[in-house]
1. Which count do you get for residues in segment 21-65 that are of a type in the set (Phe, Trp, Tyr) and open to solvent by 70 Å² or more (accessible area, probe 1.4 Å)?
2. Which members of segment 99-123 meet the condition of being among the charged types (D, E, K, R) and either more than 22 Å from VAL229 (Cα to Cα) or in a strand (DSSP E or B) (or both)?
3. Need the failing condition index for GLU177 against (1) modelled with pLDDT under 90; (2) within 21 Å of SER123 (Cα to Cα); (3) among the acidic types (Asp, Glu), just the number.
4. Any idea which residue in segment 66-84 is nearest to VAL226 (Cα to Cα), counting only those that are open to solvent by 40 Å² or more (accessible area, probe 1.4 Å) and in contact with a helix residue (DSSP H, G or I) (Cβ under 9 Å, 6 or more places away or on another chain)?
5. Restricting the first residue to segment 102-113 and requiring it to be under 13 Å from ILE150 (Cβ atoms), which pairs with a second residue that is of a type in the set (Asp, Glu) and not in a helix (DSSP H, G or I) meet a Cβ separation below 9 Å and a spacing of at least six or different chains?
6. Across segment 135-173, what is the total count of residues that are without any contact (Cβ under 8 Å) to a residue 24 or more places away in the chain and charged (D, E, K, R)?
7. Among the residues that make up segment 64-72, is at least one of them in a strand (DSSP E or B) and at pLDDT below 95?
Amino acid sequence: MHQFTAHPNPGVEVDERPAFKRIKAHVLSQIQAGIWKEGDAIPSEQALASEFGVARMTANRALRELSDDRILVRVQGSGTFVAQQKFQSTLVEILSIAEEVQSRGHVHRSELQCLERVKTSSSLAADFDLAVGKALFHSVVVHFENDLPIQVEDRFVNPAVAPDYMQLDFSKTTANEYLMHAAPLSGVRYRIEALMPTPEIATMLHIDAVQPCLVLRRKTLSRGQVASVATLWHPANRYQFTGGF
């Protein structure tokens, strides 16, 4: 949510966000409004710096971050262009766990364990690029394959990109399916590691606390913002990650 304070002139508000975030928001609004379309060149760093009355390095940061999020493409010697707004999967394809289970001819179901509004801690604030204390949605869902638990999905969601998340019926759709519609992917960052489960995770997965898990930590990006941060726990003896390119 944007923060404003009263301007000395009555009825006028001043946007207090850092300048690079105001430039990012401006670029995104032009793209979302269809003014700048896929393949179009956008104004140069110098032009944006002049328009916003800031140093060129500030405009450079804004465009660099949008490029990192695959909103823009920067071509040396040619300029900066609006990227194709379609996520291209890499080693880990972004599939709904329900689709994954059904593709094997098995039955998927889920059980909602927790759905709440929380405030960002310092670590979550850093993950979402938000101030400490801002609101997030939090859910914990156990996914089953043929009545055997194969995944605990512990997810935090940005209300700015998914305002209806708290009304989601998790018995009929998954968080991933909803977010793919509400917050189309522009990028993803992930890592996979082997970890021992907490007692709570072990209970939900019906495993011993000494049995290791494969854990996928995934951050998804949409329209220049972090949409969600999910930690997905899988029993190592029941699950494997596959992929190709």
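The values are calculated or read from the model by the stated rules, or taken from the named source; none is laboratory data. Given the structure is predicted, the values throughout are model-derived calculations rather than measurements. Ideal geometry is used to build each Cβ from the backbone, glycine not excepted, and the neighbour counts take in all protein chains shown. Ligands, DNA and RNA are stripped out before the accessible areas are found, and what is left, the full protein with its side chains, is counted by its heavy atoms. Shrake-Rupley method; radii C 1.70, N 1.55, O 1.52, S 1.80 Å.
1. Summing the residues that are of a type in the set (Phe, Trp, Tyr) and open to solvent by 70 Å² or more (accessible area, probe 1.4 Å) in segment 21-65 gives 0.
2. ARG104, ARG109, GLU111, GLU116, ARG117, LYS119
3. All conditions pass for GLU177, except number (2).
4. First, pick out the residues of segment 66-84 that are open to solvent by 40 Å² or more (accessible area, probe 1.4 Å): 68, 70, 73-78, 81, 84.
Narrowing further to those that are in contact with a helix residue (DSSP H, G or I) (Cβ under 9 Å, 6 or more places away or on another chain): 73-74.
On the way: VAL73: 19, ARG74: 21 Å.
Only one residue fits best here, namely VAL73.
5. Note: pairs meeting the criteria are ARG104/GLU145; HIS106/GLU145; VAL107/GLU145; VAL107/ASP147; HIS108/GLU145; ARG109/GLU145; ARG109/ASP147; SER110/GLU153.
6. Result for segment 135-173: 3.
7. yes
Okay, residues lined up against (1) on the phi > 0 side of the Ramachandran plot; (2) modelled with pLDDT of 90 or more; (3) open to solvent by 10 Å² or more (accessible area, probe 1.4 Å):
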position: PHE87; (1), (2), (3): no, no, yes
position: VAL107; (1), (2), (3): no, yes, yes
position: ALA126; (1), (2), (3): no, yes, yes
position: ASP129; (1), (2), (3): yes, no, yes
position: SER139; (1), (2), (3): no, yes, no
